[in-house]
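Following: one structure in structure tokens, then a few remarks.
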Amino acid sequence: MGVEFNPYDFHGVDADPYPAYARLREEAPVYRNEELGFWALSRHADVLAAFRDAARFSSVNGPLLEQRSWGPEARKALSFIAMDPPEHTRMRRLVSRAFTPRRIAELESGVRVIARRHIEAALERGEFDLVADIAAPLPTDVISELVGVPEESRAELRRLGDAALHREPGTHEISQEGATAILEMVGHFAEIVADRHRRRRDDLASALLDAAVDEDPLTDEEIIAFLHLLVGAGNETTTNLIGNAWYWAWRHPAQRAKAFEGRVADWVEETQRYDTAAPTQLRTLTEDVELHGTRLPSGGRVMLLPGAANRDPRVFERPEEYDLDRDTSEMLSFGSGPHFCLGAALARLEARVVLEEMVERVADFDLDPSAGARRHSIYIRGFASLPMTVTAR
């Protein structure tokens with residue numbers, strides 16, 4: 001029987017996609033799912049080439065598979081990740097002016113303050129949910145402060161973001177609850193932008209209004225879409241990265257020892273390679289493409305699998321091993337080319353700071369995955385809850 005790959009198989013693929021990824025790479029590097037109407041690419045070379053080839057592997061219909069989310073209207077909720085050059089180039093250039101590496105680096109002290117607040121509150125209890133108490137609220141707070149989201153609105157935005165991404169087992173489309181959540185989130189950001197028109201503040205929403213210097217400014221619609229992307233989807237990578245890091249360190253005591261001896265940056269990178277927080281992205285072909293003897297037709301939807309590419313033995317030695325000593329520079333967790341993740345530096349900063357602050361305070365820990373729960377989404381991989389007990393230093 002040939003390899004089968006259904007990303008909505010929550011009992012098989014969702015629980016552990018890596019056996020399926022391995023079979024795809026070796027047996028079906030160009031895989032066709034007729035029922036869901038997509039092709040899948042799993043080898044590192046093919047995923048990398050597609051990421052870098054925006055002309056043929058277009059983002060104009062967005063990176064999501066569901067029919068309700070796929071199409072030319074995707075940019076209204078997903079901003080420039082649902083655009084191609086030259087529109088994408090202009091939008092990203094303007095947004096980047098208010099999201100520079102220097103500005104991200106300057107956030108570190110504030111991120112530490114937020115991290116310590118959540119961590120110390122959790123450690124006082126001794127037993128807590130790593131996701132609910134630390135990994136989820138921290139990026140929400142950080143990005144909300146960056147954007148200018150009022151503190152009283154942050155928990156609700158997190159809830160709406162979860163609802164927008166959640167898929168019930170057996171369903172392939174966004175639920176009515178999820179669609180409503182997206183509209184409500186957009187409404188929140190519209191209110192923020194309207195407020196900043198009246199009075200600028202020291203936040204990203206205000207900076208975006210002033211981003212243009214010698215060219216047309218960003219429209220309100222463009223700013224709202226970017227804020228939705230940043231606060232909604234932007235939180236997920238960090239949340240899942242933190243949870244995955246603790247889970248795999250728990251499963252691999254020798255690597256945990258390295259992490260706790262000061263190898264936190266390596267811990268972050270190897271976790272992103274080994275269990276990619278964002279394992280799938282969609283593209284649309286603008287012309288016929290031939291790969292491995294198979295013709296993929298113009299207009300076809302192609303699912304890129306960086307989660308599979310990150311364990312390709314053609315690039316990574318012993319890819320199924322979790323090893324903080326490996327070179328992770330070729331991993332595709334944040335994409336490549338024109339759509340390389342703008343928030344990669346922020347996600348890495350947040351994860352590193354949280355893990356450093358935890359390591360400084362925790363002598364030992366134990367997890368109970370059986371009492372926790374995984375997220376149900378083909379686009380993100382991580383835990384919805386992860387109960388944890390710790391021994392403080």
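The values are calculated or read from the model by the stated rules, or taken from the named source; none is laboratory data. Quick caveat: nothing in here was measured; it's all calculated off a predicted structure. Reconstructed Cβ throughout: ideal geometry from the backbone, glycine too, with neighbour counts over all protein chains shown.
Structural remarks
- Flag for GLU177 being part of a helix (DSSP H, G or I), modelled with pLDDT under 90 and surrounded by fewer than 14 Cβ atoms within 10 Å (Cβ to Cβ): yes
- GLU152 out of contact with any Cys (no Cβ under 6 Å at 6 or more places or on another chain), exposed (fewer than 15 other Cβ atoms within 10 Å of the Cβ) and modelled with pLDDT under 80: no
- The condition of being within 18 Å of the chain's Cα centre (by Cα) and acidic (Asp, Glu) does not hold for GLU356.
- Considering each residue of region 249-266 in turn, none proves to be touching a Phe, Trp or Tyr at 6+ places or on another chain (Cβ under 6 Å), crowded, with 20+ Cβ neighbours inside 10 Å and β-branched (Val, Ile, Thr).
- Residue selected from region 39-69 under the condition at pLDDT 90 or above and in contact with a Gly (Cβ under 8 Å, 6 or more places away or on another chain), by the criterion surrounded by the most Cβ atoms within 10 Å (Cβ to Cβ): GLY62
- Condition met for ASP84 (touching a helix residue (DSSP H, G or I) at 6+ places or on another chain (Cβ under 8 Å), among the charged types (D, E, K, R) and without any contact (Cβ under 8 Å) to a residue 60 or more places away in the chain): no
- Subset tally (residues that are closer than 19 Å to ALA308 by Cβ and not acidic (Asp, Glu)) for region 326-354: 13
- Within region 107-134, the residues that satisfy the criterion of being assigned to a helix (DSSP H, G or I), under 22 Å from the mean Cα position of the chain (by Cα) and acidic (Asp, Glu) are GLU108, ASP133.
- From the options ARG314, ARG295, residue that is basic (Lys, Arg) and under 21 Å from PRO19 (Cβ atoms): ARG314
- Residues being of a type outside the set (Val, Ile, Thr) and outside any loop (DSSP other than H, G, I, E, B) - total across region 360-384: 14
- Residue match in region 111-132 (condition: touching a Gly at 6+ places or on another chain (Cβ under 7 Å) and either surrounded by 14 or more Cβ atoms within 10 Å (Cβ to Cβ) or farther than 15 Å from LEU386 by Cα (or both)): yes
- The residues of region 241-278 that are at pLDDT below 95 and closer than 25 Å to ASN33 by Cβ, listed by number, are ALA277, ALA278.
Quick grid of which residues meet (1) touching a Lys or Arg at 6+ places or on another chain (Cβ under 6 Å); (2) of a type in the set (Gly, Ala, Ser):
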| residue | (1), (2) |
| --- | --- |
| GLN67 | no, no |
| TRP70 | no, no |
| LEU130 | no, no |
| THR140 | yes, no |
| LEU146 | no, no |
| VAL149 | no, no |
| LEU157 | no, no |
| GLY161 | no, yes |
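- When region 15-32 is filtered for residues that are farther than 12 Å from ASP312 by Cβ, without any contact (Cβ under 8 Å) to a residue 60 or more places away in the chain and not basic (Lys, Arg), the ones remaining, listed by number, are ASP16, PRO19, ALA20, GLU27, ALA28, TYR31.
- For beta carbons closer than 7 Å, sequence separation of 6+ or different chains, a first residue in region 357-382 that is within 30 Å of LEU65 (Cα to Cα) and at pLDDT 90 or above and a second that is basic (Lys, Arg) and not in a strand (DSSP E or B), the qualifying pairs are GLY382/ARG375.
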